[in-house]
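The values are calculated or read from the model by the stated rules, or taken from the named source; none is laboratory data. None of the values given here were measured: they were computed from a predicted structure. Please note: Cβ atoms are built from the backbone with ideal geometry, for glycine as well, and neighbour counts cover all protein chains shown. Keep in mind that these areas ignore ligands, DNA and RNA; they rest on the heavy atoms of the full protein, side chains included. Shrake-Rupley method; radii C 1.70, N 1.55, O 1.52, S 1.80 Å.
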Amino acid sequence: MKSEMTSFDIAALVYELSQTIQGARIENIYQLNPTTLLIRLHRPKQPTLQLLLEAGKRAHLTSYALSKPLKPPSFCMALRKHLRNGKINEVQQHEFERVVTIKVKTR
């Protein structure tokens, strides 16, 4: 069982995500715990997508209903303030490192 993703895993992930979430709008962001974010995405005439990001461990789309905290932490509130309703323009891997860059266009 893998405990973390390799650069090759990230390259495959970025390719899939760029095909799936590029052009989607960020509906909301949830911080499930100190290292995990859930980003709810919307594309016109498509079902809602949920992108789960866990720092240093994983990133993937999920359809599972995950429990969200009643009161979001301040980091999550800051992300919502700056990214909510933004459009995902690009998903990239930074220089074949284990870093995923998501470019979001906001007003």
Practice prompt. Could you grab me the full set of residues in region 8-56 that are at pLDDT 95 or above, in contact with a Ser or Thr (Cβ under 8 Å, 6 or more places away or on another chain) and not in a strand (DSSP E or B)?
Written response: none
Discussion item. Can you say whether LEU52 is in contact (Cβ under 8 Å) with a residue 24 or more places away in the chain and of a type in the set (A, V, I, L, M), as far as the supplied structure shows?
Written reply: no
Worksheet entry | Of all residues making up region 58-84, the number that are over 23 Å from VAL14 (Cα atoms) and in contact with a helix residue (DSSP H, G or I) (Cβ under 8 Å, 6 or more places away or on another chain) | 1
Response to the item:
Output for Cβ contacts, cut-off 8 Å, separation at least six or different chains, first residue open to solvent by 60 Å² or more (accessible area, probe 1.4 Å) in region 27-45, second charged (D, E, K, R) and modelled with pLDDT under 95, reads THR35/GLU54; THR35/LYS57
Worksheet item: Restricted to region 76-107, and to residues that are out of contact with any strand residue (DSSP E or B) (no Cβ under 9 Å at 6 or more places or on another chain) and more than 22 Å from THR36 (Cβ to Cβ), which residue is surrounded by the fewest Cβ atoms within 10 Å (Cβ to Cβ)?
Response: ARG107
Discussion item. Just to verify a result, which residue in region 60-75, among those that are surrounded by 13 or more Cβ atoms within 10 Å (Cβ to Cβ) and under 13 Å from the mean Cα position of the chain (by Cα), is farthest from ARG40 (Cα to Cα)?
Written reply: HIS60
